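Peer 1: Please read through the structure below; I'll follow up with questions.
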Amino acid sequence: MTAAKKSNQIFIHEPNWHAYKRTPNISISLNMRGWLLDRGSLTQRLIKLSRGNFRVKVLKQNISTPALSETRALKIPLRQKALIRQVFLYCHNEPLVYARSVIPLRTLTGRLRYLQNLQNKALGALLFKDATMKRGIIDIGSTKINPHSRHKFVTTNDLEIWGRRSLFYIDKKPLLVSEQFMPALQNIIEHE
């Protein structure tokens, strides 16, 4: 892997996602578990946490091939293209969440075409306002920060970065959203 490609990756690898049943065979705090398994809007929770000092920064949005685990989760054919949107969710100018949305092209039809033009709007805020929205199970997983990333975070290399992933359905059309809790958010969660 080239140095330039390495520097574009925020994490050393994709999390190894596991469906959360009752009690996963992993060791995470009750506070972290509460955030990971909250079925409500993470956007709304962050807006409340920041007392409204919240913003979305788009890192990249393009039509591309999803990762294999994303393809499997969405049950789409291999190498089928999708809209992939990567953002940071900021509170008080601190990136607290890295979010990656994978929206199959067939989902971006009819009234859902607007999902292509979100710009700096939070996808979560729109999902939870839609009366047809259904959320699937929550997968949880962890990874680590890529020490070669051009994005710099105050962390130690051995810190597990926890996240969650869910399929959402609007008008019965799927999209996949993963959210990684960055070191600053994990610090806030552990000190609640």
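What follows is calculated from the coordinates using simple rules that are stated; it is not laboratory data. Just so you know, these numbers come straight off a predicted model, no measurement behind them. Note that each Cβ is placed from the backbone with ideal geometry, even for glycine, and that neighbours are counted across all protein chains shown.
Peer 1: For T65 and N16, compute 0.36 nm times the residue count separating them, minus their Cα-Cα distance, and round to one decimal in nm.
Peer 2: 15.8 nm
Peer 1: What length, rounded to one decimal in nm, is gained on full extension from I188 through to Q9, with 0.36 nm per residue of separation minus their alpha-carbon distance?
Peer 2: In short, 62.0 nm is gained.
Peer 1: Post the alpha-carbon centroid distance, region 166-192 to region 100-135, in whole angstrom.
Peer 2: 15
Peer 1: Set the Förster radius R0 to 30 Å, insert the Cβ-Cβ distance between R106 and R39 as r into 1/(1 + (r/R0)^6), and round the FRET efficiency to 0.05.
Peer 2: That pair, R106 with R39, gives E of 0.70.
Peer 1: Rounded to the nearest 500, what is the 222 nm mean residue ellipticity of the chain from helices alone, with -39500 (n - 2.57) per DSSP H run of 4+ residues and division by all residues?
Peer 2: Calculated at 222 nm, the ellipticity per residue is -5500 deg cm²/dmol.
Peer 1: Please give the peptides 129-138, 51-60, 96-105 ranked by average Cβ packing (other Cβ atoms within 10 Å per residue), highest first, as a rough proxy for protection.
Peer 2: 96-105, 51-60, 129-138
Peer 1: Let me ask something else about it. For the chain, what percent of Cα pairs sit more than 22 Å apart?
Peer 2: So the pairs more than 22 Å apart make up 47 percent of the total in the chain.
Peer 1: Let me ask another. How far apart, in nm, are the 7 Å Cα→Cβ label points at Q119 and I138?
Peer 2: Simple spin-label model gives 3.2 nm for this pair.
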